[in-house]
Amino acid sequence: MKEPEMAIPPLFRCPISLDLFKDPVTLCTGQTYDRSSIEKWLSSGNSTCPVTMQKLHDSSIVPNHTLRHLIHQWLQLNCRNGYDLHYFQAIDDSIVGLKHNLQSKESTLDTKVQALEKVLALSEDLPLENSFLIQLDFFQMILELALENSVDQSSNFQESLIFMEKALVCALKLLPFSDLGTLNMLKEDESKFTNFLMLFKNGTFIIKKSLCHLIVAISSSLQSKELVTMLGKSKIFIQELVHVIENKLDGCEESIRALSALSSLEQNREFIVKENAVEALITYIVNAPKCQYRSLLAPILAMKTIETLLVEKNAKEDVLNHPNGVSAIVKMVFRVSSDNEGSESAVNSLIIVCHDFMQAREEAIYSGVLSQLLLLLQSQCSERTKNKARMLLKLLRSMCTGDQKQAL
């Protein structure tokens, strides 16, 4: 008796030949085809995507290794383990249904929130389900849904915030498996960029945290450099980050990470300093409980960010003009000695400001920097950090009293 054919999930069929993919490749539009089919299409003089009919600005094709691996795994499970032939079909149908519910203009916000909860559950399940979600571009779709509408005090304002919270949490789950270049939609669409800024300004602390995580992620991607520059030069956005940090609101640690990420680009630093970022970071360090200096990374990262920004002249003046500027950095010298980079950032920051300002040297000595440096030199910090400490001691020596010089 002839065995029944395996039911091939639609996701595994080439849109042109309708056969099982043999060599899946992806166009610039994000659509995947079998290599032989799409090459035949292009060689016939066509310059559009067969499914979307979009004009191809780039005719190159990229192997879809994720889909190839998924098909291979599907074939193995079916042939070797007697796997349920309809299992993948069920997953595919379920995910396609979720995508429809999210994109449909007829779906209520409540229906969309329920769909996002199911997406979240799938994203936390087996990697196999993740592959379906990635293949169907859920990351891009969810981000577009979150950013397509402005945040205002409308009648369904609270419902919209709940939806956006869920959408961004889902996006973060899919982020490690997705193309960071997708976020360039922000620089390509002014309305989406504006909505992003307003979402951070008016959103909940969960929304703020999620957006900060996205910024940290894209800051490490070369293809998103222009977007990082746009965000770093956005007065509204930097002011909001500074406000959250200075007032230690929910999401302040994530905001410090985002500010640090934006500061990694040299062209952003002048704008970031101009919006009082240095003062906010110092205030955060001053107000951080002593017990947190060693247990949390945020004060250390705040210190490192200050060091990065001190290449700007105005940043040095901001440290000097802050009532606790120099003393806050002095206290960080040995408190974070268990973290070599943190200690080195504090010492290096003092070298920078003390080199240019006599007042900074006086305040550093008054704040007890000499004893802090001597303790640091006796600690287990790196040799490089100790060398920095010796440089600072040498710089300060001219300000020391006779007894202090003898002690050194």
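The values are calculated or read from the model by the stated rules, or taken from the named source; none is laboratory data. On a predicted model such as this, the values are computed, not experimentally measured, just so you know. Ideal geometry is used to build each Cβ from the backbone, glycine not excepted, and the neighbour counts take in all protein chains shown. The accessibility values were calculated without ligands, DNA or RNA, using every heavy atom of the protein model including side chains. Shrake-Rupley method; radii C 1.70, N 1.55, O 1.52, S 1.80 Å.
Could you order the peptides 233-239, 211-217 from most to least packed, using the average number of other C-beta atoms within 10 Å per residue?
The densest-packed peptide leads the list: 211-217, 233-239.
Counting only other residues whose beta carbon sits under 12 Å from that of residue 210, what net charge do I get with K and R as +1, D and E as -1? Show your work: numbers first, answer last.
Details: positive: 166, 173, 208, 209; negative: 165, 254.
In short, +2.
On full extension of the chain, what length is gained from residue 39 through residue 62, given 0.36 nm per residue of separation minus the C-alpha to C-alpha distance?
On the way: separation 23, 0.36 × 23 = 8.28 nm, distance 1.21 nm.
Stretched fully, the residue 39-residue 62 segment lengthens by 7.1 nm.
Roll a 1.4 angstrom probe over the protein heavy atoms and tell me the percent of accessible area of the range 10-77 that is carbon or sulfur.
Numbers: 2050 of 3810 Å².
Carbon and sulfur atoms account for 54 percent of the accessible area of the range 10-77.
Compute, for the range 10-77, the length of the dipole vector about the Cα centre, with Cβ point charges of +1 (Lys, Arg) and -1 (Asp, Glu) only. Units Debye, rounded to 20. Could you put the intermediate results ahead of the total?
On the way: 6 positive and 5 negative charges, 9 e Å.
Once rounded to the nearest 20, the dipole reads 40 debye.
What does the charge count near residue 162 come to, summing +1 for each Lys or Arg and -1 for each Asp or Glu among other residues with Cβ under 14 Å from its Cβ?
Values: positive: 112, 166; negative: 110, 117, 159, 165.
Net charge in that neighbourhood comes out at -2.
Return the distance in nm (one decimal) between the two label points of a simple spin-label model at residue 378 and residue 52, each offset 7 Å from Cα along Cα→Cβ.
With each label placed 7 Å out from Cα toward Cβ, I get 6.6 nm.
Order the peptides 196-202, 61-67 from the highest to the lowest mean number of other Cβ atoms within 10 Å of their residues.
Sorting 196-202, 61-67 by mean packing, highest first, produces 196-202, 61-67.
Let me check I've understood the local charge: for residue 227, count other residues with C-beta under 13 angstrom from its C-beta, Lys and Arg +1, Asp and Glu -1. What total comes out? Could you put the intermediate results ahead of the total?
Working: positive: 187, 192, 225, 233; negative: 188, 189, 190, 226.
Summing Lys/Arg as +1 and Asp/Glu as -1 gives 0.
May I ask you to rank 39, 124 by accessible area, largest first, using a 1.4 Å probe over the protein chains only?
Values: 39 90, 124 115 Å².
If we order 39, 124 from most to least accessible, we get 124, 39.
Compute the Cα gyration tensor for the range 10-77, then decide on rounded, prolate or oblate, letting a ≥ b ≥ c be the square roots of its eigenvalues: rounded whenever a/c is under 1.5, prolate when a/b is larger than b/c in the other cases, and oblate in all that remain.
Working: a/c = 2.33, a/b = 1.96, b/c = 1.19.
Judged from the Cα gyration tensor, the range 10-77 comes out prolate (a/c at least 1.5, a/b above b/c).
If packing is taken as the average count of other Cβ atoms within 10 Å, what order do 157-164, 42-49, 139-146 fall into, highest mean first? Don't jump to the answer; show the numbers that get you there.
Values: 157-164: 17.2, 42-49: 12.0, 139-146: 21.1.
Packing order, densest peptide first, comes out as 139-146, 157-164, 42-49.
Report the gain in length on full extension from residue 397 to residue 158: 0.36 nm times residue separation, minus Cα-Cα distance, nm rounded to one decimal.
Working: separation 239, 0.36 × 239 = 86.04 nm, distance 6.00 nm.
Full extension from residue 397 to residue 158 adds 80.0 nm.
Just to confirm, what accessible area per residue do you get for the range 311-402 at 1.4 Å probe, in whole Å²? Mind showing how you got there, number by number?
On the way: 4440 Å² over 92 residues.
I get 48 Å² per residue for the range 311-402.
Go through the range 391-398 residue by residue and turn each phi into a ³J(HN,Hα) via Karplus (6.51, -1.76, 1.60, θ = phi - 60°); whole Hz please, and just put x for glycine and proline.
4, 5, 4, 5, 5, 7, 4, 5
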